[in-house]
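Right, one structure below, let's go through it.
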Amino acid sequence: MAAVSGGSRVLSVGAFRPARVVSNAEVVEKIDSSDEWIRRRSGIVTRRFASDDDTVVTMAAAAGREAVARAGLDATAVDAVLLATMSWVHQSPPAAPQVAHEVGALGAAAVDLGVACAGFCHAVAMADALVRAGSARHVLVIGSEKMTDIVDRSDRALAFLFADGAGAVLVGPADGPGIGPVVWGSDGSRSTLISHAVPWTSLREQPDIWPTMTMAGPEVFRWAVGEVIETARTAVKAAGLEPGELAAFVPHQANARITDKMAASLGLPESCVVARDVETAGNTSAASIPLALDALLASPDAPRGPALLVGFGAGLSYSALVLDLP
């Protein structure tokens with residue numbers, strides 16, 4: 001397959017949202033908090049929790065099938081599946097090959113990406129490169145998370161934030177560049193800010209203690225609004241645009257306060273639609289950006305044009321790029 005002369009673009013979006021809607025009132029039954037405090041600190045009103053039958057694989061496959069169908073393609077046209085997730089609790093086998101099989105992308109290359117909340121933007125950048133290089137014609141990019149498997153529901157700092165779901169986009173060839181250059185990086189010196197305090201091997205010594213994720217919230221907040229925002233600005237410049245030309249801003253749905261501060265710092269125009277899916281979806285890590293994209297595009301006044309995507313999270317890892325909305 002020869003390299004394409006044009007570029008790549010997002011052809012379609014798909015999503016899977018678990019059926020169970022969980023209110024703040026239900027969450028606070030296990031933590032010392034209140035609905036008012038959660039709304040003020042995070043902007044979250046409700047979130048979705050997966051059922052026992054919902055897994056990272058089944059949710060990813062549902063979102064992926066919807067994205068392929070919306071593009072009007074057969075799943076056999078998918079050449080590669082990139083799955084961003086931090087909550088697949090099986091060391092092996094990887095989840096992506098199972099997702100490819102469930103979607104019907106038989107024989108497609110399939111890879112798990114473990115870049116936490118930055119994973120989806122990383123995966124979109126890789127899909128763009130695969131298409132432009134001629135290594136694949138259609139790449140299915142999915143973010144799928146069952147965060148309820150890795151978060152302690154009695155942890156006052158985290159239990160109200162995280163939730164479950166999956167979102168997907170199908171990336172394919174275009175006459176010109178529909179996905180801008182990615183600006184990304186990492187800072188391993190701060191790896192403990194979002195982490196599992198102990199590895200899965202600790203279960204050998206303490207089988208009754210399930211390893212769960214911890215996060216230094218204030219430090220992560222300051223990093224996101226103070227440093228990651230510069231990555232976002234650089235991505236806009238790399239795409240040859242100014243903030244005033246953006247049609248939409250879709251950051252990782254970590255916290256409404258982070259989104260608000262980022263939007264204000266970027267100096268976005270009133271015409272730019274800012275994704276606020278966190279209000280009803282919670283923080284779904286690698287799934288949050290594609291879920292927010294799906295919600296934006298489903299609205300009656302869906303934006304059209306360039307959208308800035310920004311992912312950031314454990315690692316610490318971060319990535320940002322501009323793409324044309326389908």
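Filter region 160-178 down to the residues that are farther than 16 Å from R20 by Cα and open to solvent by 10 Å² or more (accessible area, probe 1.4 Å) and list them by number. Lay out the reasoning, then the answer.
The initial filter retains those residues of region 160-178 that are farther than 16 Å from R20 by Cα, namely 167-178.
Scanning region 160-178 gives P173, A174, D175, G176, P177.
Checking each residue in region 176-218 for being closer than 22 Å to L266 by Cβ and acidic (D, E) picks out only D187. Remark: F160 matches the filter, which requires a residue to be modelled with pLDDT of 95 or more, in a loop (DSSP other than H, G, I, E, B) and at negative phi. Scanning region 112-125 for any residue that is out of contact with any helix residue (DSSP H, G or I) (no Cβ under 7 Å at 6 or more places or on another chain) and either outside any helix (DSSP H, G or I) or surrounded by fewer than 19 Cβ atoms within 10 Å (Cβ to Cβ) (or both) turns up at least one such residue.
Taking region 261-286 only, how many residues are of a type in the set (S, T, Y), surrounded by fewer than 24 Cβ atoms within 10 Å (Cβ to Cβ) and not in a loop (DSSP other than H, G, I, E, B)? Number of matching residues: 2.
For beta carbons closer than 6 Å, sequence separation of 6+ or different chains, a first residue in region 43-65 that is open to solvent by less than 30 Å² (accessible area, probe 1.4 Å) and a second that is among the basic types (K, R), the qualifying pairs are F49/R20; A50/K146; V56/K146.
Given the condition more than 23 Å from D277 (Cα to Cα), open to solvent by 70 Å² or more (accessible area, probe 1.4 Å), of a type outside the set (S, T, Y) and modelled with pLDDT of 95 or more, answer yes or no: does some residue in region 241-253 qualify?
Yes, region 241-253 contains a residue that is more than 23 Å from D277 (Cα to Cα), open to solvent by 70 Å² or more (accessible area, probe 1.4 Å), of a type outside the set (S, T, Y) and modelled with pLDDT of 95 or more.
Considering each of I209, I142 in turn, give the residue that is farther than 22 Å from K261 by Cα, in contact with a helix residue (DSSP H, G or I) (Cβ under 9 Å, 6 or more places away or on another chain) and surrounded by fewer than 14 Cβ atoms within 10 Å (Cβ to Cβ).
Numbers: I142 fails: surrounded by fewer than 14 Cβ atoms within 10 Å (Cβ to Cβ).
Just one listed residue meets the conditions, I209.
Does region 67-77 include one or more residues that are closer than 30 Å to P218 by Cα and surrounded by fewer than 17 Cβ atoms within 10 Å (Cβ to Cβ)? Within region 67-77 (the criterion being closer than 30 Å to P218 by Cα and surrounded by fewer than 17 Cβ atoms within 10 Å (Cβ to Cβ)), the answer is no, since none of the residues qualifies.
Can we say A216 is of a type in the set (A, V, I, L, M), more than 28 Å from P306 (Cβ to Cβ) and free of Cβ contacts under 8 Å to residues at least 60 places away in the same chain? Yes; evaluated as a whole, the condition is true for this residue. Taking the criterion of being in contact with a helix residue (DSSP H, G or I) (Cβ under 8 Å, 6 or more places away or on another chain) and open to solvent by 80 Å² or more (accessible area, probe 1.4 Å), the residues of region 22-42 that qualify are R39, R41.
Of all residues in region 127-148, none satisfies being touching a residue at least 24 places away in the same chain (Cβ under 8 Å), touching a Ser or Thr at 6+ places or on another chain (Cβ under 9 Å) and part of a loop (DSSP other than H, G, I, E, B).
Taken over region 78-87, residues that are open to solvent by less than 30 Å² (accessible area, probe 1.4 Å) and either among the basic types (K, R) or under 18 Å from D128 (Cα atoms) (or both) amount to 6.
The values are calculated or read from the model by the stated rules, or taken from the named source; none is laboratory data. It should be emphasised that the depicted structure is a prediction, and the values quoted were computed from it without experimental measurement. Here the Cβ is made from the backbone with ideal geometry for all residues, glycine too, and neighbour counts use every protein chain on show. Heavy atoms of the whole protein, side chains included, go into the accessibility calculation; ligands, DNA and RNA do not. Shrake-Rupley method; radii C 1.70, N 1.55, O 1.52, S 1.80 Å.
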